[in-house]
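The values are calculated or read from the model by the stated rules, or taken from the named source; none is laboratory data. All values reported here derive from a predicted model rather than from experimental measurement. So basically every Cβ, Gly included, is an ideal-geometry build from the backbone, and we count neighbours across all protein chains shown. Accessible surface is based on the protein model in full, side chains and every heavy atom, while ligands, DNA and RNA are left aside. Shrake-Rupley method; radii C 1.70, N 1.55, O 1.52, S 1.80 Å.
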Amino acid sequence: MEIVVLLKQVPATESYIGIADDGVSIKTDDIKWVINPYDEYAVEEALRIKEAHGGTVTILSVGPQKATETIRTALAMGADQGILVNDPTIATRDGLSIARILAAVLKSIPFDLIIAGQRAIDDDNFLVGTAVAELLGIPNISLIIKEDIADGKIKCHRTIEGGTVVIESPLPALITTQRGLNEPRYASLPGIMKAKKKPLDVKTIMDIELDRAQETASVTRIVALKLPSERKGGRIIQGDSARAKAAELVRLLREEAKVL
Amino acid sequence: MSQGVLVISELSDRVFRKVTFEAMSEGRRIADHMKGNLATVVIGSGIETVANELKKYGADKIILVDDPTLSEYMTDSYTNVLADIITKEKPDVLILGASAQGKDLSARLSARLNAPLAMDGVAIRVDNESLIVTRPLYGGKILADVRLEGKPQIIAIRPNSMSITECENAGLMKSWDPVVGKTDLRFIEKQVETGKVELTEADVVVSGGRGMGSNNFSILEELAGLLKGAVGASRSAVDEGWRPHSDQVGQTGKVVSPGLYFACGISGAIQHLAGMSTSKIIVAINKDPDAPIFSKADYGIVGDLFELVPLISEEIRKIKQ
């Protein structure tokens, strides 16, 4: 079983995000970079499938040179090899453009299953994995919390509003992860040592053949970033008793906020 | 003349999702702005009666795709059918809800049609021929205005972020013969909890955090039930195993923007705030007067949530009588 995991390096969730002077990108000075949490589930699931069915796990990422650090982390978790498409301009690309790069690389390597995070928690696009499947002409099942592979098919539990749907797909296919799929393992010390010797192929964006006409025909461009309007702390409700406070809150919600 | 706007409506067991009405209302507004038409696709099985409901939201044309093979959303069959409709109808703008279905479908259509997509749009404005869509990044820590260059411009709108406006229109209904094409995916079964209000679509959300101390959320369920709302949870409550992952509100869970949000026993970590700070009114109940959540809340009560929440329910019951 050849498994490819699509991985993105993102700012850790505890990061404060500020706007850079150009107005369309973020300040990156004090950011701690990590594996996108949904991609961590993808790595873990790939390792579990490999343990059950054999095969290799390849990590594929597009990003700046420092994204090799997150690929090494995935290799330390147990993945076999990594590929980075070194693209310093990734921050200016839209999701479809990144999907085209990933699809172009995937066309040159073998795969039975591709696993991606449902979204990257930086641009929250929910786009790249699904778009890669479309560009490769293979089926996708998104937002999965469980999968079973047998007889060349994968059966997945996909989460929807208020429930789940069970769907089966022939392989090769692409699936995207949802929280609840697994608990990602930590990289062990021997794992970290071994990861240093595992193959990591760094390609440059110039090695990838992209269709210029297609690239310019569809662009989603950030024209401005802004901070959400700052919420001001409101009032702390006072009262002689818990009952008095509760009654005052309900009165305010009804008469002042008009939400009841 | 502009070809106008096409809205892909969404049914859940033959009932429209609320976000469909939000998409229709927004679609009507944009179509008027661009002096184009508003068309909508209703896709499913046995749906002709329910499709008429969309006339209330100003559809000039309702494209009815009623076929037994389309009773359940499947990525491949729906993408094939809709890509065919879009190619023939040539809308300038395509709007749908950013639901589990809408996110999957819009991404696939964007790649198939090589068309720009703004996911989870919370506001749309028309700027000459193209649209500027505001969408949250980093779980809502920042907002981006994005310009869509290409056709059709696809916008998946975030549930609960745009208003619903009714607008009677004598729209015509047109049956469409679906081109289902080659499909690989096979539907096996679906399990949906009936009567449960979906977190992202709820008008009221009552969330509990570490301060709940256990998996007993019954007082929150009671309050949510009274207000026809949904129960949410902070990441720590989910990590403790007190609530399912699907209830998690925050940067790595669901982002909600209800009219009223109760944060009970939630300190207010940045990841949680990212997931709920666009709520219209926030109420915080916490024992710790220094909890960061109070700086984001419109109303705060310092105290024991186990004492306060049942009293709040009692007071609400009084005014509901």
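Can you give me the orientation-averaged projected area of the convex hull built on the Cα atoms of the protein assembly as shown, in nm²? Write out the running numbers ahead of the final one.
On the way: hull surface 106.2 nm².
The Cα convex hull of the protein assembly as shown, projected and averaged over all directions, gives 26.6 nm².
Would you rank A:245, A:194 by solvent-accessible area, highest first, keeping every protein chain in place and using a 1.4 Å probe? Can you show the working numbers first?
Details: A:245 40, A:194 135 Å².
I get A:194, A:245, largest accessible area first.
With the cut-off at 26 Å, tell me which of the pairs A:226/B:18; A:8/A:196; A:226/B:61; A:32/B:280; B:196/B:280; B:61/B:88 have Cα atoms farther apart than that. Before the final figure, lay out the partial values.
Details: A:226/B:18 28 Å; A:8/A:196 19 Å; A:226/B:61 37 Å; A:32/B:280 31 Å; B:196/B:280 22 Å; B:61/B:88 14 Å.
Over 26 Å Cα-Cα: A:226/B:18; A:226/B:61; A:32/B:280.
Normalised by the residues of region A:1-137, what does the relative contact order come to in percent, with Cα pairs under 8 Å and at least six apart? Mind showing how you got there, number by number?
On the way: 235 pairs, mean separation 45.1, N = 137.
Relative contact order of region A:1-137: 33 percent.
So what's the back-of-envelope 222 nm ellipticity for chain B, counting only DSSP H runs of four-plus at -39500 (n - 2.57) apiece and dividing by all residues, rounded to 500? Kindly include the intermediate steps, with their values, before the conclusion.
Working: 8 runs with 86 residues, N = 321.
Result for chain B: -8000 deg cm²/dmol, rounded to the nearest 500.
For region B:276-282, what does the Karplus curve 6.51 cos²θ - 1.76 cosθ + 1.60, with θ = phi - 60°, yield as ³J(HN,Hα) per residue in whole Hz, taken in order and with x for Gly and Pro?
9, 6, 8, 4, 6, 10, 10
Normalising by the residue count of chain A, find the relative contact order in percent from Cα pairs under 8 Å and 6+ residues apart. Before the final figure, lay out each step's value.
Values: 470 pairs, mean separation 58.0, N = 260.
This gives 22 percent for chain A.
Using the Karplus curve 6.51 cos²θ - 1.76 cosθ + 1.60 with θ = phi - 60°, work out ³J(HN,Hα) for each residue of region B:102-109 in order, rounded to whole Hz, and write x for Gly and Pro.
Calculated HN-Hα couplings, in order: x, 5, 5, 5, 5, 5, 5, 5 Hz.
In deg cm²/dmol and to the nearest 500, what is the mean residue ellipticity at 222 nm of chain A if only DSSP H runs of at least 4 residues count, each as -39500 (n - 2.57), divided by the residue total? Walk me through the intermediate numbers first.
Values: 7 runs with 75 residues, N = 260.
It lands at -8500 deg cm²/dmol.
Show the residues, 5+ positions off or on another chain, whose built amide H is closer than 5 Å to the amide H of residue A:18.
Under 5 Å from the amide H of residue A:18 lie the amide H atoms of A:27, each far enough along the sequence or on another chain.
Output wanted: per-residue J couplings in Hz (rounded whole) for region A:117-129, from phi through Karplus 6.51 cos²θ - 1.76 cosθ + 1.60, θ = phi - 60°, x for Gly and Pro.
x, 4, 7, 8, 7, 8, 8, 6, 7, 6, 10, 4, x
Where the centroid of each part is defined by its Cα atoms, how far is region B:64-106 from region B:203-249 in Å?
34
Determine the sum of side-chain charges near residue A:80: Lys and Arg each +1, Asp and Glu each -1, restricted to other residues whose C-beta is under 9 angstrom from that of residue A:80. Walk me through the numbers before you get to the answer.
Numbers: positive: A:50, A:198; negative: none.
Counting the neighbours of residue A:80, the net charge comes to +2.
Over chain B, what relative contact order in percent results from Cα pairs under 8 Å that are six or more residues apart? Walk me through the numbers before you get to the answer.
Numbers: 713 pairs, mean separation 46.2, N = 321.
It rounds to 14 percent for chain B.
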